[in-house]
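One structure is given below, encoded as structure tokens.
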Amino acid sequence: FEGMTIGELAKHTNESISTLQEILVNVGEKFDSEFDTLSIDIAELVAMETGVNVRRLHSNEGAEIFPRPAVVTVMGHVDHGKTSLLDALRQTSVAAREAGGITQHLGAFVVSMPSGASITFLDTPGHAAFSAMRARGAAVTDVVVLVVAADDGVMPQTLEAMSHAKAAKVPIVVAINKCDKPAADPERVKVQLASEGLLLEEMGGDVQVVEVSAVNKTGLDNLEEALLLQADLMDLKARIDGPAQAYVVEARLDRGRGPLATAIVKAGTLVCGQHVVVGAEWGRIRAIRDMMGNLTDKAKPAMPVEIEGLRGLPMAGDDIIVVESEERARMLSAGRKKKYEKDRLRKIDEGRTEAPEPSE
Ligand code: GTP
Ligand code: MG
């Protein structure tokens, strides 16, 4: 198997020849016609950019898949207790106890259950970040925990969170928080949610509702159980072997260590030393840290890690793909930068034509 023509690749990836040609130009490859043969390297690179059939080209078809933890995002109205609830959950996590209650700042953490199952929580990404990630096709979240304060009830951002989850086709588990408050009225919240079209379990639907108090730390076990049940229903599995397919949850610049990205692997295994393209940036993974800040050499599916070694700062929602060499990483990164710039200019252009200049 020496390679394939652009035409064949178009069939494999279900993309038009012109799309593939644009990618080829972006990565600096020359071509004359659709009958040109691409090396398997280049074919793979172009396929990666189309985002489809990468698995097949990576010959992971038939690769064994294993159950993986659910990745959960907490959303809800301002002040309804998202951060408090995450803190309470984090304190109950085995890892946090092991660290003597000192929590590392990573954009995600894992709660391990006595049963051995675990849940990965994404730390307060906020609705804007969630939307940005969704817009970029970063399907990182498996379940949304919708936090609603029992005394305040359904509010504008509760509805916004509901519509985000719906648009992303992510199931919701409702956590009615602040149930310790004298003014708490969980029943009223349920009626409100139902009237907004959420099909609650106790009303014959399939959305679970749990009453909690982040302050008193009550109901947390029930919430975790509800999340595990939801995850079971979804039968979440991932390939562990082979190149990682991962996403950036958040990124920051550290003075000493350079750009750092919190990442979640969706499939495969990310390994220290690999060359990666992250969004439009590239680099070679110099260090991987787990959520406790310990160095590790690998990241498996649903395991939040911090990676070091990127040349530039990526953005939340950026995809991470593993490539064979530094040369390829540079090439792909340059191609993407070119494409992003083109898209940016096109958008500005569209803005201009949509809003015609006032005539004199
Ligand atoms: P934003 O990030 O600003 O949207 O708020 P948030 O949803 O993260 O809420 P946060 O956790 O900051 O809590 C807001 C306020 O509600 C704080 O004063 C918390 O102490 C309080 N609070 C949170 N959970 C509970 C609870 O279970 N019971 C009571 N009584 N108060 C709570
Ligand atoms: Mg908060």
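The values are calculated or read from the model by the stated rules, or taken from the named source; none is laboratory data. Note that the coordinates shown come from a computational prediction; the quantities given were computed from them, not determined experimentally. Here the Cβ positions follow ideal geometry from the backbone for every residue, glycine too, while neighbour counts run over all protein chains shown. Ligands, DNA and RNA are excluded from the accessible area calculation, which covers all protein heavy atoms including side chains. Shrake-Rupley method; radii C 1.70, N 1.55, O 1.52, S 1.80 Å.
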- Selection over region 252-275 where residues are among the hydrophobic types (A, V, I, L, M, F, W, C) and open to solvent by 30 Å² or more (accessible area, probe 1.4 Å) yields a count of 3
- If a residue has to be among the acidic types (Asp, Glu) and within 16 Å of ligand 2 (Cβ to nearest atom) to count, how many in region 153-191 make the cut? 1
- Task: State all residues of region 151-210 that are without any contact (Cβ under 8 Å) to a residue 12 or more places away in the chain and within 16 Å of ligand 1 (Cβ to nearest atom); if no residue qualifies, say none.
- Result: PRO182
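Okay, residues lined up against (1) open to solvent by less than 30 Å² (accessible area, probe 1.4 Å); (2) more than 16 Å from ligand 2 (Cβ to nearest atom); (3) modelled with pLDDT of 75 or more:
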position: HIS12; (1), (2), (3): no, yes, yes
position: ILE23; (1), (2), (3): yes, yes, yes
position: GLY28; (1), (2), (3): no, yes, no
position: ALA88; (1), (2), (3): yes, no, yes
position: GLY101; (1), (2), (3): no, yes, no
- Item | Filter pass, VAL215 being out of contact with any His (no Cβ under 8 Å at 6 or more places or on another chain), open to solvent by 40 Å² or more (accessible area, probe 1.4 Å) and within 16 Å of ligand 2 (Cβ to nearest atom) | yes
- Message: Of the conditions (1) within 16 Å of ligand 2 (Cβ to nearest atom); (2) at pLDDT 75 or above, SER115 satisfies every one except a single condition; which number is it?
- Response: (1)
- Message: If I filter region 269-299 down to residues being in contact with a Phe, Trp or Tyr (Cβ under 8 Å, 6 or more places away or on another chain) and outside any strand (DSSP E or B), which single residue comes out as farthest from ASP241 (Cα to Cα)?
- Response: ALA280
- Residues being surrounded by fewer than 24 Cβ atoms within 10 Å (Cβ to Cβ) and either more than 11 Å from ligand 2 (Cβ to nearest atom) or modelled with pLDDT under 85 (or both) - total across region 70-85: 1
- Message: Criterion first (of a type in the set (A, V, I, L, M), farther than 20 Å from SER333 by Cβ and part of a strand (DSSP E or B)) does VAL248 satisfy it?
- Response: no
- Query: Given the conditions (1) modelled with pLDDT under 90; (2) surrounded by 15 or more Cβ atoms within 10 Å (Cβ to Cβ); (3) of a type in the set (Lys, Arg), which single one is not true for ARG289?
  - Reply: (1)
- Can you pull out the strands (runs of 3 or more DSSP E) entirely within region 135-239 that have at least 2 residues that are among the β-branched types (Val, Ile, Thr)? 143-149, 172-177, 209-211
- Query: Only one residue in ALA263, ALA302 is at pLDDT 85 or above, assigned to a loop (DSSP other than H, G, I, E, B) and within 21 Å of the chain's Cα centre (by Cα), so which one is that?
  - Reply: ALA302
